[in-house]
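Reviewing the structure listed below.
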Amino acid sequence: MPRFQTTAVHAGREDFNRLCVHAPPIDLSTTYPIPDLGTGSASFDALIAGGHDAANPIYARLHNPTVARTEDAIAALEGTQACVAFASGMAALTAVLMARSQHGRHVLVVRPLYGTSDHLLGSGLCGVEAEFLTDAGQVAARLRPDTALVIIETPSNPTLDLVDIRATVAAAGRVPVLVDSTFATPVLQRPAELGATYVWHSATKFLGGHGDVIAGVVCCEETHAAPLRTMRAATGALLHPLAAYLLHRGLPTLALRVEAAQANAQVLAQRLAEHPAVSKVFYPGLPGARGGHLIGIQMSGPGSLMAFEVKGGHDAAARVMARAKVMTAAVSLGSTDSLIQHPAGLTHRMVPEEARAAAGITPGLLRLSVGIEHVEDLWDDLAQALEG
Ligand SMILES: *Cc1c(COP(=O)(O)O)cnc(C)c1O
């Protein structure tokens, strides 16, 4: 079996010699010539039932070879049979919720999590009845006969708590567990190996890696993937083949980017923890971090996301954001460049105020997605911004 870095470079490219190409071909067809009606009808049936491919793609809402190539590559990195790609991370979550709703309405969700996930689940928009927990240890006691899914995010957003995947899977019993593994990437964590049924990524972040593609993926076994493809074909939340191409292009450098950013983050987190203008740093690699003992067990390293609280609350945090020059004041994460943002004012605005406070999302909290710039340039930038 090739190692991760080799798979990242070659997955989804196995047929290149046969095709005599050195970059993935992009198929922009919306419809496909049907060789004979029998083949067409059989292919249609196979794809509507959620099959991975068929003799004929029929129509681009049912199948696209460029997207399928990217899916195969990501499945290889997560170690799952399948990957299903969507127009965005939120479209991917919606498809899972809709597919699971046939098994029950009740969904257990451990907070904190990505603000829009929190909003989608709490709003009842997809017909789910979400019950929010503050600790994954509460899962076993809250299960109901109609519980269809357990959702965790680890590391969590924005306070970087690590949630024990194996323990949550054990507590959930027969109920599938979905892990939002966006912050970890398959370089640092592979939830399916720990028993998670669905591994979800906003591929907009590290997998794409360059801030130029919106995409979402769910990695799982084939039996769970088929209903997601059926849902995608029915609702049309497709990843465009050009976006799939860009996403695929990000994968060969994934490990390099994640490791370089993580090395930078470790230095910055340590220095921020000692800075007089900073009251608290949330980073799984610092002593005392919530779930930090899971580093080396379920996650090989602490990653490159952190949050820190500045003294002086909202106004002080706004000043730091405004003074950053090398870092861009912007939401999103996992790009080659460093991004700094204010969760209470931006990404977690839709989360109810009490839930924000309980999760540690205070007015002075900033979240930093560390990029792959030179670490001393990043530190100089942070230091001058904190002096303001
Ligand atoms: C960005 C993000 C999402 C949502 O993904 P989109 O691609 O923006 O729809 C979900 N979870 C996490 C942790 C994210 O960072």
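The values are calculated or read from the model by the stated rules, or taken from the named source; none is laboratory data. Owing to the predicted nature of the structure, the values given are computational and were not obtained by experimental measurement. Heads up, the Cβs are rebuilt from the backbone with ideal geometry, glycines too, and the neighbour counts pull from every protein chain shown. These accessible areas exclude ligands, DNA and RNA; they are computed on the full protein's heavy atoms, side chains included. Shrake-Rupley method; radii C 1.70, N 1.55, O 1.52, S 1.80 Å.
Each residue in the stretch 72-90 was checked for being touching a helix residue (DSSP H, G or I) at 6+ places or on another chain (Cβ under 8 Å), within 16 Å of the ligand (Cβ to nearest atom) and part of a helix (DSSP H, G or I), and 3 pass.
Contact map, the stretch 91-103: residues that are farther than 15 Å from Val179 by Cβ paired with residues that are open to solvent by 10 Å² or more (accessible area, probe 1.4 Å) and within 13 Å of the ligand (Cβ to nearest atom), Cβ distance under 6 Å, separation 6+ or inter-chain. Pairs shown: Ala91/Ala237.
Has the stretch 1-10 got any residue that is polar (S, T, N, Q), part of a loop (DSSP other than H, G, I, E, B), closer than 24 Å to Thr204 by Cβ and in contact (Cβ under 8 Å) with a residue 40 or more places away in the chain? No - not one qualifying residue is present in the stretch 1-10. A residue that is hydroxyl-bearing (Ser, Thr, Tyr), open to solvent by 60 Å² or more (accessible area, probe 1.4 Å) and within 19 Å of the chain's Cα centre (by Cα) can be found somewhere in the stretch 111-124. Against the test of being over 18 Å from Glu153 (Cβ atoms) and touching a Pro at 6+ places or on another chain (Cβ under 7 Å), the options Gly313, Gly292, Gly288 yield a single qualifying residue, Gly313. For the stretch 139-196, a residue qualifies if it is of a type in the set (Ser, Thr, Tyr) and farther than 30 Å from Ala265 by Cα, and exactly one does: Thr147. Residue count for the stretch 254-278 satisfying the condition of being open to solvent by less than 50 Å² (accessible area, probe 1.4 Å) and more than 26 Å from His342 (Cβ to Cβ): 2. Among the residues of the stretch 125-145, is any within 12 Å of the ligand (Cβ to nearest atom), touching a residue at least 40 places away in the same chain (Cβ under 8 Å) and not charged (D, E, K, R)? There is no residue in the stretch 125-145 that is within 12 Å of the ligand (Cβ to nearest atom), touching a residue at least 40 places away in the same chain (Cβ under 8 Å) and not charged (D, E, K, R).
Restricting the stretch 189-201 to residues that are open to solvent by 10 Å² or more (accessible area, probe 1.4 Å) and under 20 Å from Glu259 (Cβ atoms) leaves a set whose member that is nearest to the ligand (Cβ to nearest atom) is Arg190.
Would you mind stating whether Arg257 is over 27 Å from Gln384 (Cβ atoms) and out of contact with any helix residue (DSSP H, G or I) (no Cβ under 6 Å at 6 or more places or on another chain)? Criteria not met by Arg257. Based on this model, can you work out whether Ala49 counts as surrounded by fewer than 14 Cβ atoms within 10 Å (Cβ to Cβ) and under 27 Å from Val107 (Cα atoms)? Yes: the conditions hold for Ala49. Only residues that are away from the ligand (no atom under 16 Å from the Cβ) and either outside the structural domain of Phe183 (by TED's automatic domain parsing) or open to solvent by less than 50 Å² (accessible area, probe 1.4 Å) (or both) were counted across the stretch 216-229, and they come to 4.
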